[in-house]
1. Mind checking Rg over Rh on the stretch 113-171, alpha carbons, Kirkwood formula for Rh?
2. Give the span of the stretch 38-96's Cα atoms along each principal axis, as three whole-Å numbers ordered largest to smallest.
3. With the cut-off at 24 Å, tell me which of the pairs Lys123/Lys172; Lys34/Lys140; Lys34/Lys123; Lys123/Lys148; Lys75/Lys148 have Cα atoms farther apart than that.
4. Please list, by residue number, everything in the stretch 104-137 whose backbone N is under 16 Å from a paramagnetic label point 7 Å out along Cα→Cβ of Arg163.
5. Using modelled amide H (1.01 Å from N, peptide plane; none on Pro or chain starts), what sits under 5 Å from the amide H of Val141, excluding residues fewer than 5 places away?
6. If the viscosity is 1.306 mPa s and the temperature 10 °C, what Stokes-Einstein diffusion coefficient in µm²/s follows for the stretch 65-158 when Rh is the Kirkwood radius over Cα pairs?
7. Please work out how much length the chain gains when fully extended from Ile94 to Glu32, using 0.36 nm per residue of separation minus the C-alpha to C-alpha distance, in nm with one decimal.
Amino acid sequence: MVCDRHQKTRSDKSLERAPVISTDGPHVNIRELKSHDLQLLLGLYAHLHNHDDPPPSAAIAEAVWSEALANPRIKYFGGFVSDSLVSSCTLTVIPNLTRACRPYGVIENVVTHAAHRGQGWGKAILARALGDAWRQGCYKVMLLTGRKDDATLRFYEQAGFDRHDKQAFVAKPSAVRPNKLLERSRER
């Protein structure tokens, strides 16, 4: 396998424009989020999960936000009505040594404000993130959801995702410390 480090990414001009979707009301402008958007994003995240961990301190949130924005492989997209952030998702593009060295993408934290759901903004934000991933040469983009209801699964399918393509597995830290896990594996 030979990896072409100078592989061109897609430059379709129609994909470079930020989509603006029309609803019966105002337009939603989709753009990459910037450092000054942190508080808007944290406010929108209140609509992401019914129950979540307590929010971090302002200093921790700002440090994580600065780190994420400094990483060119991580992009946060936001859909705005006037100055209100109503929809968002995060795209991470990961370098890859397979598939002719084409990267792959992971989309996380897809959220639309409860008052704006069912109006096309979630699909528009995903379309923007997917367009960015294709321009960067990704051979696939993955998205996980903890939701099991058919409406949510159909939403993601209508946005271009296939729930039957691959099987996902999720690991979370256990109550056992990593050193204990390593000790157990050595005992075997």
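Bear in mind these aren't lab numbers, they're just calculated from the coordinates by the rules spelled out. For clarity, every value in this text was computed on a predicted model and none was experimentally measured. Counting neighbours? That spans all protein chains shown, and the Cβs are built from the backbone with ideal geometry, glycine included.
1. Ratio of gyration radius to Kirkwood radius for the stretch 113-171: 0.98.
2. 34, 27, 21
3. Lys123/Lys172; Lys34/Lys140; Lys75/Lys148
4. Label zone hits: none.
5. Gly105
6. Result for D is 112 µm²/s.
7. 20.5 nm
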